[in-house]
Amino acid sequence: MREIEDFTDDRLKAWCIHCGTGIANIESNLDHVPTKSLLTKKLRKRGADYDRGTGDELDYLPQVVVCRRCNSSFSPDENYLLCVLHAVMAGSLYPDPKKHPEAATVLRSNRHVVRSLKRTPDGQLLLFEDLKPFTLYPDIEKIRRVVVKNARGHAYHEIGEPLLEAPDHVVFIPLENLSPDQRDAFEAVDIGANLAVWPEVGSRMTVRLFDEEAMVGGWISVEAGRYRYSIDWSDAVTVKTVIWEYLATETRWER
């Protein structure tokens with residue numbers, strides 16, 4: 001995606017969006033939103049090249065400034081979600097390296113996560129590894145923390161709003177588990193409603209609203225098939241994401 005310069009009021013950038021500590025008083029760094037590990041290795045490399053000034057202008061990956069402590073604290077949960085997604089998509093905690101090379105590498109490198117998933121009461125115990133269909137019952141709180149972290153980052157990156165309070169609503173579910181009507185409602189993004197209440201002056205979203213190529217149906221694609229998101233700020237601030245065209249998430253902050 002193309003980088004859009006942010007011109008929102010600097011007073012909105014005074015805190016870490018996760019812990020609320022003043023950025024000027026702590027060690028900070030850039031946090032990628034979405035979590036980089038959710039994207040392909042190829043795109044991550046192109047994004048790193050762009051950050052070094054040697055890549056293509058379309059290879060920018062969204063980033064926000066947060067405190068280093070918060071940024072580091074999310075890593076275990078992000079890694080956990082990555083393992084869960086790979087296991088679900090491959091249909092095994094021990095995928096065939098020839099059929100699922102990326103999943104096999106990630107899960108082999110995270111035996112502690114695999115062991116924790118096998119301990120859950122989901123039938124994926126030693127005596128039932130061939131149970132069909134393959135089912136996991138992951139730690140919902142770990143996944144929730146990553147979903148909220150990314151949603152908070154998207155809102156900050158796009159509309160310049162530091163949402164320091166806990167969200168009022170967080171839900172995530174496989175897209176295939178939605179009924180046709182639910183899927184239609186989730187995919188729909190009402191740009192007209194958002195135009196009734198304009199985002200922060202100078203925010204990236206003000207530029208996107210006039211750029212027909214920046215959003216498709218109200219969705220911003222970071223990488224096709226891997227990650228897309230949308231933001232509705234007309235009433236509440238609602239951030240939707242779709243991860244790997246499998247997991248749908250919705251996080252909302254009431255105004």
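The values are calculated or read from the model by the stated rules, or taken from the named source; none is laboratory data. The model shown is predicted, which means the values in this text are computed figures rather than measured ones. Cβ: placed from backbone, ideal geometry, glycine included. Neighbour counts: every protein chain shown. We work out accessible area using only protein heavy atoms, side chains counted, and drop any ligands, DNA or RNA first. Shrake-Rupley method; radii C 1.70, N 1.55, O 1.52, S 1.80 Å.
Structural remarks
- Test result for Lys36, open to solvent by 50 Å² or more (accessible area, probe 1.4 Å), in contact with a Lys or Arg (Cβ under 8 Å, 6 or more places away or on another chain) and under 23 Å from Val147 (Cβ atoms): yes
- Looking only at residues in the range 88-121 that are part of a loop (DSSP other than H, G, I, E, B) and either small (Gly, Ala, Ser) or farther than 23 Å from Trp244 by Cα (or both), the one that is modelled with the lowest pLDDT is Pro121.
Let's see how each residue does on (1) in contact with a Cys (Cβ under 8 Å, 6 or more places away or on another chain); (2) polar (S, T, N, Q); (3) buried (at least 19 other Cβ atoms within 10 Å of the Cβ):
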site: Ile140; (1), (2), (3): no, no, no
site: Asn150; (1), (2), (3): no, yes, yes
site: His157; (1), (2), (3): no, no, yes
site: Ala166; (1), (2), (3): no, no, no
site: His169; (1), (2), (3): no, no, no
site: Asp181; (1), (2), (3): no, no, no
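- Any hit, the range 38-47, residues being of a type in the set (Val, Ile, Thr), touching a Pro at 6+ places or on another chain (Cβ under 8 Å) and at pLDDT 95 or above: no
- Checking Ala14, Ala24 one by one, the residue that is aliphatic (A, V, I, L, M) and open to solvent by 80 Å² or more (accessible area, probe 1.4 Å) is Ala24 and no other.
- Filter result (among the aromatic types (Phe, Trp, Tyr), modelled with pLDDT of 95 or more and outside any strand (DSSP E or B)) within the range 226-255: Trp244, Tyr246
- Among the conditions (1) out of contact with any Pro (no Cβ under 6 Å at 6 or more places or on another chain); (2) within 25 Å of Leu175 (Cβ to Cβ); (3) open to solvent by less than 30 Å² (accessible area, probe 1.4 Å); (4) not acidic (Asp, Glu), the only one that Ala104 does not satisfy is (1).
- Residue satisfying all of: in the range 65-82; of a type in the set (A, V, I, L, M) and over 14 Å from the mean Cα position of the chain (by Cα); farthest from Gly160 (Cα to Cα) among these: Val66
- Among the residues of the range 47-87, those that are of a type in the set (A, V, I, L, M) and assigned to a helix (DSSP H, G or I) comprise Ala48, Leu58, Leu81, Leu82, Val84, Leu85, Ala87.
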